[in-house]
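The values are calculated or read from the model by the stated rules, or taken from the named source; none is laboratory data. What you are looking at is a predicted structure, and each value in this text was computed from that prediction instead of being measured. Using ideal geometry, Cβ is built from the backbone for each residue, glycine included, and neighbour counts are taken over all protein chains shown.
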Amino acid sequence: ERKAALSASTGPGATADGHKVPLLANVGGPADVPAAVEAGAEGVGLFRTEFLFLDDSTKAPSEEKQVTAYRQVLEAFPEGRVVVRVLDAGADKPLDFLTPSDEPNPALGVRGLRTLLDHPDVLRTQLSALAKAAEGLPVHLEVMAPMVADRADAKAFADACRAAGLRAKFGAMVEIPSAALRARSILREVEFLSLGTNDLAQYTFAADRQVGAVSRLQDPWQPALLDLVALSAEAAKAEGKSCGVCGEAAADPLLACVLTGLGVTSLSMGSASIPYVRATLAKYTLAQCERAAAAARATDSAEDARAAAQAVFSGE
Ligand code: PEP
Ligand code: MG
């Protein structure tokens with residue numbers, strides 16, 4: 001029966017009362033595209049471009065090599081959205097030629113956008129490759145920066161995108177609590193937000209995402225994390241802009257409904273999760289999602305938040 005429900009689950013993501021929530025795929029490169037298409041992804045919500053840089057950690061891939069890889073992904077979603085994240089090097093994704101080796105706390109050091117602002121040539125080449133890859137395609141290209149901390153970061157990224165002649169929407173990932181707290185000021189510079197809940201949990205709870213001993217604090221049902229999601233989504237709504245989620249949180253079907261209730265406008269996840277999220281979202285109305293979100297936020301632990309949301313959804 002579960003299988004039947006899943007195979008019946010096709011088409012765009014929406015709540016039972018028709019509130020649309022595009023379901024997008026997280027991909028690491030062209031090899032992940034067939035599974036995304038198969039799952040009926042409405043586009044790509046997170047294209048992690050690090051894979052291209054892992055072949056040779058002594059230098060950046062050539063612009064031509066990048067153009068070819070980006071074009072393969074963009075061509076797969078002719079009318080859809082493809083959100084490309086510029087290189088997120090450092091911390092859990094170190095690259096020899098870019099990542100400082102002498103930092104005591106790499107997760108708090110030069111990583112993500114900070115790396116690219118220190119190496120503007122690498123950012124310039126990547127943005128130029130993206131501009132060329134998108135040429136002549138009807139795809140809706142969006143480009144976002146990882147690890148944006150404040151408005152100055154968002155402005156530096158948007159300036160670099162404009163200088164590269166990129167015809168795309170520019171966005172900021174919300175992975176640092178400061179970005180969620182000041183989401184409105186970041187939205188003065190960029191057109192959309194995307195919540196990276198893996199890092200946002202890590203930085204909110206000061207709990208390394210690679211350390212199993214603190215994994216309790218990495219639980220995306222934590223009410224403090226839900227509060228930061230709500231702040232970001234409310235800021236985006238006030239500015240008439242979008243706020244997606246592309247961290248692991250979006251892949252948990254019940255949490256995906258709660259995120260929708262918090263005002264998140266799209267959900268991006270590993271392709272294998274898309275049918276489950278689509279089927280679950282279709283069972284509940286937006287009002288139920290909002291009630292579940294409020295109930296979850298009214299608790300003081302991840303366990304209680306999950307139970308409170310479950311109780312709303314099962315009509316208790
Ligand atoms: C995140 O941090 O939630 C995210 C989507 O980025 P990554 O997992 O690649 O750091
Ligand atoms: Mg991240």
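Taking the criterion of being under 16 Å from L87 (Cα atoms), within 16 Å of ligand 2 (Cβ to nearest atom), in contact (Cβ under 8 Å) with a residue 40 or more places away in the chain and not in a loop (DSSP other than H, G, I, E, B), the residues of region 157-177 that qualify are F157, G171, M173, V174. Hey, any hits in region 35-52 for a residue that's aromatic (F, W, Y), modelled with pLDDT under 95, out of contact with any Lys or Arg (no Cβ under 9 Å at 6 or more places or on another chain) and crowded, with 20+ Cβ neighbours inside 10 Å? Within region 35-52, not a single residue is aromatic (F, W, Y), modelled with pLDDT under 95, out of contact with any Lys or Arg (no Cβ under 9 Å at 6 or more places or on another chain) and crowded, with 20+ Cβ neighbours inside 10 Å.
Scanning region 212-249 for residues that are within 19 Å of S301 (Cα to Cα) and of a type outside the set (V, I, T) yields a total of 20. Entry remark, region 181-194: residues being within 13 Å of ligand 1 (Cβ to nearest atom) and among the polar types (S, T, N, Q) number 1 in total.
Residues are listed down the side, and each one gets a yes or a no for (1) more than 16 Å from ligand 2 (Cβ to nearest atom); (2) within 29 Å of G28 (Cα to Cα); (3) aliphatic (A, V, I, L, M); (4) buried (at least 24 other Cβ atoms within 10 Å of the Cβ):
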{"residue": "P223", "(1), (2), (3), (4)": "yes, no, no, no"}
{"residue": "G240", "(1), (2), (3), (4)": "yes, no, no, no"}
{"residue": "L259", "(1), (2), (3), (4)": "yes, yes, yes, yes"}
{"residue": "T265", "(1), (2), (3), (4)": "yes, yes, no, no"}
{"residue": "T280", "(1), (2), (3), (4)": "yes, yes, no, no"}
{"residue": "A294", "(1), (2), (3), (4)": "yes, no, yes, no"}
{"residue": "A298", "(1), (2), (3), (4)": "yes, no, yes, no"}
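Are any of the residues in region 46-54 closer than 14 Å to V139 by Cβ and within 16 Å of ligand 1 (Cβ to nearest atom)? Checking region 46-54: at least one residue is closer than 14 Å to V139 by Cβ and within 16 Å of ligand 1 (Cβ to nearest atom). The one condition from (1) modelled with pLDDT of 95 or more; (2) within 16 Å of ligand 1 (Cβ to nearest atom) that S215 does not meet is (1).
Going through (1) within 16 Å of ligand 1 (Cβ to nearest atom); (2) crowded, with 21+ Cβ neighbours inside 10 Å; (3) free of Cβ contacts under 8 Å to residues at least 40 places away in the same chain one by one, T204 falls short only on (2). The residues on offer are V86, V82, V67, and the sole one that is away from ligand 2 (no atom under 16 Å from the Cβ) and within 18 Å of P146 (Cα to Cα) is V82. Within region 226-242, the presence of a residue that is in contact with a Lys or Arg (Cβ under 9 Å, 6 or more places away or on another chain) and within 12 Å of ligand 1 (Cβ to nearest atom) is excluded.
Scoring H140 on the criteria (1) surrounded by fewer than 23 Cβ atoms within 10 Å (Cβ to Cβ); (2) within 16 Å of ligand 1 (Cβ to nearest atom) leaves a single failure, condition (2). Checked against the criterion of being part of a helix (DSSP H, G or I) and closer than 23 Å to V73 by Cβ, the candidates A154, A180, A133 yield just one match: A133. Is it the case, given these coordinates, that T197 is polar (S, T, N, Q), under 24 Å from A296 (Cα atoms), within 13 Å of ligand 1 (Cβ to nearest atom) and touching a Gly at 6+ places or on another chain (Cβ under 9 Å)? So T197 passes the test. When K132, K59, K93, K65 are checked against the criterion of being out of contact with any strand residue (DSSP E or B) (no Cβ under 6 Å at 6 or more places or on another chain) and within 16 Å of ligand 1 (Cβ to nearest atom), a single residue qualifies: K93.
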